[in-house]
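Worksheet for the structure shown next.
The values are calculated or read from the model by the stated rules, or taken from the named source; none is laboratory data. These numbers were taken from a predicted model, which means no experiment stands behind them. In this analysis, Cβ positions are derived from the backbone assuming ideal geometry, glycine residues included, and neighbour counts consider all displayed protein chains. In case anyone asks, the SASA skips ligands and DNA or RNA and just uses the protein heavy atoms, side chains included. Shrake-Rupley method; radii C 1.70, N 1.55, O 1.52, S 1.80 Å.
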Amino acid sequence: MTRAGLVVGVGARRGVPAEEVLGLISGALQEAGAGTGDVVGLATLDTRADEPGIVGAAERLGVPVRSYTAGELAEVPVPHPSAAPREAVATGSVAEAAALMGGGELVVPKRKSASATCAVARRSGPVGPSASTNRPEPFTIAAMLPPTKHIESAGPDLRHHGDAEVRGLDLTDLAVNVRTGTPPDWLRQRIAASLGSLAAYPDGRQARTAVAGRHGLPEERVLLTAGAAEAFVLIARALPARRPVVVHPQFTEPEAALRAAGHEVGRVVLRPEDGFRLDPAAVPEDADLVVVGNPTNPTSVLHPAGVLEQLARPGRTLVVDEAFMDAVPGEREALCGRTDVPGLVVLRSLTKTWGLAGLRIGYVLADPATVAVLQEAQPLWPVSSPALAAAEACMEPRALVEAADAADRVVVDRAHLLAGLAEFSEVRVVEPAAGPFVLLRLERADEVRELLRSRGFAARRGDTFPGLGNEWLRLAVRDRVTTNRFLQALDLALQGLPRRAVG
């Protein structure tokens, strides 16, 4: 096969911002008389392949990152060598050598910024096993696809979740968005009462009826699942999709499930300078499956229902993850009860508000034909009897009142947290926040997170979300007492940052 296009080689110092890398690349492409659509990949040294600035630049460009060892780069002649990189990694220019790996013609020699270098090469010719070169093969879109048995992706670890921050440790948990003090006693009792029927196979009819009634929908529009995570897997495996697109930053499991099912996944990466708000025009017109969260994890942005509706059209499946919508007072902007939006699939979870992460219960709301296709892909009895009992209980009037009260408390507790964070000049928070968590940005956030751990608090790292980097943290909203303790720990952590050498 052949693959023509531009390869951008990048060299960078640790901590380089994605904006700096993108600015440098933009200038080089302008010099080459090319645009970002001509770029087929970024190439760099293997020890920089996970650098958030480089990964973030690749995500913005929609291309993979290919990495090479210092030994491989050292074998590539470069026209503009420098002594410093040669001493450090044995090549005269990481940027030029990386751009030229696999052959090609250098069209823009290395260009420098404060913390990065880049060079552009034009790649054209045979690639793959039949190529007459022993160099690593050039970029292909297949480089973004996973092997059949495990997940790979261009960039962050899509399988990292907040529970890894606290597992087995005695830490105050601000990394996981499950409401504290849950499940309530009455729900525990209902679940315990179901244990007497474990000898019988699960029967989900009553729970399905309860969910349908709660949303004012016919039962054939409801599918019960073992948590929202199972729903993402069913969608990835059972629904046809030639060009699925995931709107990021958001919960990473949808993309991980799509990749595991063999799909090539496109990303629409929302920008912090836009408040991570969605412009429907950013989604490619030919995308036939679009996934977006509302309110979005981890940004806590609540997209207007009218904006999301603009993404719907015949021939496209629009998946809206409303796992945190019941934490929004009045569930404003919810689409879960709508039947007039073409291709709409809404996912709900009972994990967060009711503390049922270990029980695994959620559901899908969609047109009957879609529900039937997803149900056909499920194994027999996918939801356990205790989980079905919990689902039925959480649809009852008193449960809905309790959930509404909990959502109101989130608003008050979140306001207290935001007011406290506003006292720190180093911290920038994404606002307005609508979920039971907030996303914040600060320099050296990875170091701050470790210092917080030493003071007994777990915060969710942000660098595993596409579109974010290691300067981001997500914090779950907790009660005022816990928040006050955290704010004190944050103050001490910021004071305890080691000074960095200047010069």
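So here's what we get for this one:
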quantity	calculated
Of all residues making up region 446-467, the number that are closer than 20 Å to Val176 by Cβ and either surrounded by fewer than 19 Cβ atoms within 10 Å (Cβ to Cβ) or of a type in the set (Lys, Arg) (or both)	9
One residue from Ala403, Ala415 being part of a helix (DSSP H, G or I), more than 21 Å from Pro298 (Cβ to Cβ) and under 27 Å from the mean Cα position of the chain (by Cα)	Ala403
Residue satisfying all of: in region 310-359; of a type in the set (Asp, Glu) and within 24 Å of Thr182 (Cα to Cα); farthest from the chain's Cα centre (by Cα) among these	Glu331
Wholly within region 298-391, helices (runs of 4 or more DSSP H) carrying at least 2 residues that are closer than 20 Å to Ala207 by Cα and not hydrophobic (A, V, I, L, M, F, W, C)	351-354, 368-377
Among residues of region 198-213, those that are part of a loop (DSSP other than H, G, I, E, B), surrounded by fewer than 17 Cβ atoms within 10 Å (Cβ to Cβ) and in contact with a helix residue (DSSP H, G or I) (Cβ under 9 Å, 6 or more places away or on another chain), counted	4
Flag for Glu87 being in contact (Cβ under 8 Å) with a residue 60 or more places away in the chain, of a type outside the set (A, V, I, L, M) and over 22 Å from Pro156 (Cα atoms)	no
Qualifying residue in region 303-310 (condition: closer than 25 Å to Arg441 by Cα and not acidic (Asp, Glu))	yes
Given (1) open to solvent by 20 Å² or more (accessible area, probe 1.4 Å); (2) within 23 Å of Asn297 (Cβ to Cβ); (3) at pLDDT below 95, index of the condition Thr172 fails	(3)
Checking Val108 against (1) under 24 Å from Gly27 (Cβ atoms); (2) modelled with pLDDT under 85, the condition it does not meet	(2)
Members of region 253-304 that are in contact with a Ser or Thr (Cβ under 8 Å, 6 or more places away or on another chain) and of a type in the set (Gly, Ala, Ser)	Ala256, Gly262
Test: residue in region 188-197 that is among the small types (Gly, Ala, Ser) and part of a loop (DSSP other than H, G, I, E, B)	no
Which listed residue is surrounded by fewer than 17 Cβ atoms within 10 Å (Cβ to Cβ) and either touching a helix residue (DSSP H, G or I) at 6+ places or on another chain (Cβ under 9 Å) or not acidic (Asp, Glu) (or both), from Glu443, Glu431	Glu431
Which numbered condition Arg348 misses (of (1) buried (at least 21 other Cβ atoms within 10 Å of the Cβ); (2) of a type in the set (Lys, Arg); (3) without any contact (Cβ under 8 Å) to a residue 40 or more places away in the chain)	(3)
Checking Ser425 against (1) closer than 25 Å to Val410 by Cα; (2) assigned to a loop (DSSP other than H, G, I, E, B); (3) in contact (Cβ under 8 Å) with a residue 40 or more places away in the chain, the condition it does not meet	(3)
Residue list for region 48-77, filter: among the hydroxyl-bearing types (Ser, Thr, Tyr) and free of Cβ contacts under 8 Å to residues at least 12 places away in the same chain	none
Pick from region 238-257, criterion outside any strand (DSSP E or B) and in contact with a helix residue (DSSP H, G or I) (Cβ under 6 Å, 6 or more places away or on another chain), ranking: nearest to Gly469 (Cα to Cα)	Glu253
Among (1) modelled with pLDDT of 50 or more; (2) open to solvent by 30 Å² or more (accessible area, probe 1.4 Å); (3) over 32 Å from the mean Cα position of the chain (by Cα), the one test that Pro126 misses	(1)
Criterion (over 18 Å from Phe437 (Cβ atoms), at pLDDT below 95 and either in contact with a His (Cβ under 6 Å, 6 or more places away or on another chain) or open to solvent by 10 Å² or more (accessible area, probe 1.4 Å) (or both)) met by exactly one of Pro379, Pro304, Pro368, Pro280	Pro379
Among the residues listed as Leu278, Leu239, the single one being in contact (Cβ under 8 Å) with a residue 12 or more places away in the chain, closer than 23 Å to Pro382 by Cβ and hydrophobic (A, V, I, L, M, F, W, C)	Leu239
Residue in region 258-272 that is open to solvent by less than 20 Å² (accessible area, probe 1.4 Å), part of a helix (DSSP H, G or I) and either touching a residue at least 40 places away in the same chain (Cβ under 8 Å) or touching a Leu at 6+ places or on another chain (Cβ under 6 Å) (or both) present	yes
Test: Ala74 is over 32 Å from the mean Cα position of the chain (by Cα) and of a type in the set (A, V, I, L, M, F, W, C)	yes
Contacts under 8 angstrom Cβ, first residue in region 400-420 being over 23 Å from Ala390 (Cα atoms), partner basic (Lys, Arg) and open to solvent by less than 60 Å² (accessible area, probe 1.4 Å), 6 or more apart	Asp413/Arg478; Leu417/Arg478
Odd one out for Thr44 among (1) surrounded by fewer than 24 Cβ atoms within 10 Å (Cβ to Cβ); (2) of a type in the set (Val, Ile, Thr); (3) farther than 21 Å from Arg461 by Cβ; (4) free of Cβ contacts under 8 Å to residues at least 60 places away in the same chain	(1)
